[in-house]
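Asker: For reference, the structure I am asking about is given below.
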């Protein structure tokens, strides 16, 4: 299963390449924020992450509600976290 999962931007890694480091439930990954280039993302912002891309900027309340609902999915949520942790932008 491939879900969109909320991630908190912790660092803009490479502004020229539109790369940011996000954290999802303690897992940090570098993702592409190119699709949101016009949104002026920065540390502390929340984004919906799908297959290594930030698809939408979301607010903190929406992120918390979504993460809570996803945790209730049990193994599907754990599988998504493992996939998030094991893939990388190269």
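All of the numbers you see were taken from the coordinates with simple rules; none came from a lab. Computed from a predicted structure; not experimentally measured. Heads up, the Cβs are rebuilt from the backbone with ideal geometry, glycines too, and the neighbour counts pull from every protein chain shown.
Asker: Compute the helix-to-body angle for 75-86: its Cα long axis versus the longest principal axis of the chain, expressed 0 to 90° and rounded to tens.
Answerer: For 75-86 against the chain, the angle is about 30 degrees.
Asker: Please report the projected area of region 8-70's Cα convex hull averaged over all directions, in nm².
Answerer: On the way: hull surface 15.4 nm².
Orientation-averaged projected area of the Cα hull: 3.9 nm².
Asker: With contacts defined as alpha carbon pairs under 8 Å and 6 or more residues apart, what's the relative contact order of the chain in percent?
Answerer: Reported relative contact order: 29 percent.
Asker: In addition: Nearest-5 percent of antiparallel DSSP beta bridges in region 5-86? It would help to have the intermediate numbers written out before the result.
Answerer: Working: 20 of 21 bridges.
Antiparallel bridges make up about 95 percent of those DSSP assigns within region 5-86.
Asker: Quick one: order 50, 18 by neighbouring beta-carbon count within 10 Å, fewest to most.
Answerer: Ascending Cβ contact count within 10 Å gives the list 50, 18.
Asker: Can you work out the PRE-style zone for residue 62? Point 7 Å along Cα to Cβ, and I want the residues of region 1-42 with backbone N under 16 Å.
Answerer: Those under the cut-off are 4-9, 35-42.
Asker: Can you work out the FRET efficiency for the pair residue 12 and residue 50, with r the C-beta to C-beta distance and R0 = 25 Å, to the nearest 0.05?
Answerer: My answer for the efficiency is 0.80.
Asker: For a quick check: sort 24, 49, 13 by the number of other beta carbons within 10 angstrom, fewest at the front. Intermediate results must be reported in sequence, preceding the final value.
Answerer: Working: 24 20, 49 24, 13 15.
Lowest to highest Cβ neighbour count: 13, 24, 49.
Asker: Round to the nearest 10 and give me the degree value, 0 to 90, for the angle of helix 60-71's Cα axis relative to the longest principal axis of the chain.
Answerer: 40
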